[in-house]
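Written below as structure tokens is the structure these notes are about.
The values are calculated or read from the model by the stated rules, or taken from the named source; none is laboratory data. The structure displayed is predicted, hence computed values, not measured ones. Using ideal geometry, Cβ is built from the backbone for each residue, glycine included, and neighbour counts are taken over all protein chains shown.
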Amino acid sequence: MIRCRSCIHGIMSRDMSEDQKYQRCMVMAGGGFRFGYYLGMHAAAEDSGMAPDIILASCGGSLAAAIIHALPDAAQRKQWLASQEMYQFLCGMHAAAHARPLPVLGAALLRGLSRGRAARVPDVFGDYMFELPGPLPLPVPGLQPRAALAIVASKLLFGREQVGQARSGRAIFAEVVLGPERACRLLHGWQAPASLPAWSCGAVAPGLLLDSAMPVADAVRSSITDMLYFACHAHAGEHYMGGVIDLFPIEIAHGLARHVTMEAKPPFGQALAIPALRKVLGIDGNARLKHVHAQHAHAWVDTSDISSALRGRGMRKRIDWLGNRIRLVMPPSLAEYAQDVEAQWQYGYQRGIEAYASPGLRLRHATRFNRGSE
């Protein structure tokens with residue numbers, strides 16, 4: 001594990017490492033369970049002559065990125081995502097035994113009413129809604145993957161015995177990049193973007209951690225672990241949580257490559273997502289997003305309208321009041337699931353082609369919560 005020493009050293013490292021950078025980086029920033037649109041975005045980059053030689057991914061984007069990393073062409077990647085194995089895995093996700101609608105909704109209401117920012121050490125070990133059915137069904141990478149893969153996650157700086165304690169100003173999470181040694185060398189000495197005071201209250205440590213040893217499956221499992229959705233992930237005696245700590249890692253992307261493809265994203269929801277980020281990580285997600293949208297990227301892929309454009313596609317959450325359960329509802333057949341994957345893929349492909357043809361920032365769904373500002 002390499003830890004940041006200072007911001008100044010980070011700037012020096014960036015200057016010295018300019019000639020070691022990758023040529024092109026594509027950022028896959030979240031996406032929930034709509035994995036297919038990232039495969040389409042990447043296929044658009046390939047068809048536009050802009051295929052990335054490194055993918056930087058967080059949360060759900062990390063699963064799509066791992067598929068791209070392992071398989072040699074767009075057809076095989078789409079086939080893997082639409083496979084029986086992936087469908088059965090997603091169908092196997094289920095509500096945790098302790099997750100009941102009224103307590104979950106009550107806790108969400110209390111988070112919404114509270115203005116506190118990471119005041120106490122959160123229970124990311126036991127306070128979650130859903131269980132994964134087993135190891136992620138990822139393909140095994142070939143001997144020479146087409147693109148390197150770097151994944152953003154968060155590392156817990158506390159143990160189970162500290163849950164519920166007052167944070168008292170100390171850092172309880174660290175932002176970590178899990179990737180190849182070359183990427184780690186480029187980022188050595190960096191400050192964690194998630195820790196900057198413009199959006200963080202100090203619950204995230206200032207130093208960016210780097211790990212080139214964690215297996216891809218564990219890195220993806222760590223990154224998809226959104227707080228309150230899944231339990232944190234244990235690996236090598238440490239615990240990790242989701243890439244939502246830095247869902248839009250534009251600074252890291254620029255540190256890795258000369259050309260950056262970035263998504264233009266919708267804002268976090270004010271009712272559920274923003275209070276959850278505030279309570280657990282002490283981060284103002286939309287302040288971070290507005291800052292990112294004000295930065296430079298060589299190509300902006302507009303996915304700000306994804307919720308309306310892909311409404312009804314893929315996995316959905318439903319409250320079963322009669323059964324007193326929260327359900328994850330998948331398409332009822334493999335064929336319908338494959339149709340949803342195709343719709344997601346086409347959405348990502350069309351937006352990617354548009355981005356490379358006209359690289360400027362556009363937001364089909366623009367609000368005061370995601371319009372760029374310094």
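Only one of the listed residues (Ala119, Ala148, Ala70) is touching an Asp or Glu at 6+ places or on another chain (Cβ under 9 Å) and surrounded by 15 or more Cβ atoms within 10 Å (Cβ to Cβ). That residue is Ala148. Within region 151-178, work out how many residues are surrounded by 23 or more Cβ atoms within 10 Å (Cβ to Cβ), over 23 Å from Leu272 (Cβ atoms) and in contact (Cβ under 8 Å) with a residue 60 or more places away in the chain. Going through region 151-178 one residue at a time, the tally reaches 3.
Condition test on Leu281, is it at pLDDT below 95 and either buried (at least 24 other Cβ atoms within 10 Å of the Cβ) or touching an Asp or Glu at 6+ places or on another chain (Cβ under 8 Å) (or both)?
Criteria not met by Leu281.
Of the candidates Ala45, Ala57, the single residue that is surrounded by 16 or more Cβ atoms within 10 Å (Cβ to Cβ), closer than 25 Å to Asp211 by Cα and in contact with a helix residue (DSSP H, G or I) (Cβ under 9 Å, 6 or more places away or on another chain) is Ala57. Taking every residue in region 43-67 that is in contact (Cβ under 8 Å) with a residue 24 or more places away in the chain and pairing it with any residue that is assigned to a strand (DSSP E or B) and charged (D, E, K, R), at least 6 positions away or on another chain, the pairs with Cβ-Cβ distances below 9 Å are Ala45/Arg24; Met50/Arg24; Ala51/Arg24; Pro52/Arg24; Asp53/Arg24; Ile54/Arg24; Gly61/Glu263. Inside region 357-374, residues that are modelled with pLDDT of 90 or more, small (Gly, Ala, Ser), in a loop (DSSP other than H, G, I, E, B) and exposed (fewer than 15 other Cβ atoms within 10 Å of the Cβ) make up a count of 1. Evaluate region 14-24: report whether one residue or more is hydrophobic (A, V, I, L, M, F, W, C), modelled with pLDDT under 95 and not in a strand (DSSP E or B). Looking for residues that are hydrophobic (A, V, I, L, M, F, W, C), modelled with pLDDT under 95 and not in a strand (DSSP E or B), one finds at least one in region 14-24, hence yes. Residues that are within 22 Å of Ala65 (Cα to Cα), surrounded by fewer than 24 Cβ atoms within 10 Å (Cβ to Cβ) and out of contact with any His (no Cβ under 9 Å at 6 or more places or on another chain) within region 194-225 comprise Leu209, Asp211, Ser212, Ala213, Ala217, listed in sequence order. Each residue in region 229-250 was checked for being surrounded by fewer than 22 Cβ atoms within 10 Å (Cβ to Cβ) and more than 19 Å from Val216 (Cα to Cα), and 1 pass.
Here Gly142 clears all of (1) among the small types (Gly, Ala, Ser); (2) at pLDDT 95 or above; (3) touching a Pro at 6+ places or on another chain (Cβ under 8 Å) except the condition numbered (2). For region 196-217, the criterion of being in contact (Cβ under 8 Å) with a residue 60 or more places away in the chain and out of contact with any helix residue (DSSP H, G or I) (no Cβ under 9 Å at 6 or more places or on another chain) is met by at least one residue. Hey, can you tell me all the residues within region 45-55 that are under 16 Å from Gly352 (Cβ atoms) and under 16 Å from the mean Cα position of the chain (by Cα)? Within region 45-55, just Ile55 meets the criteria.
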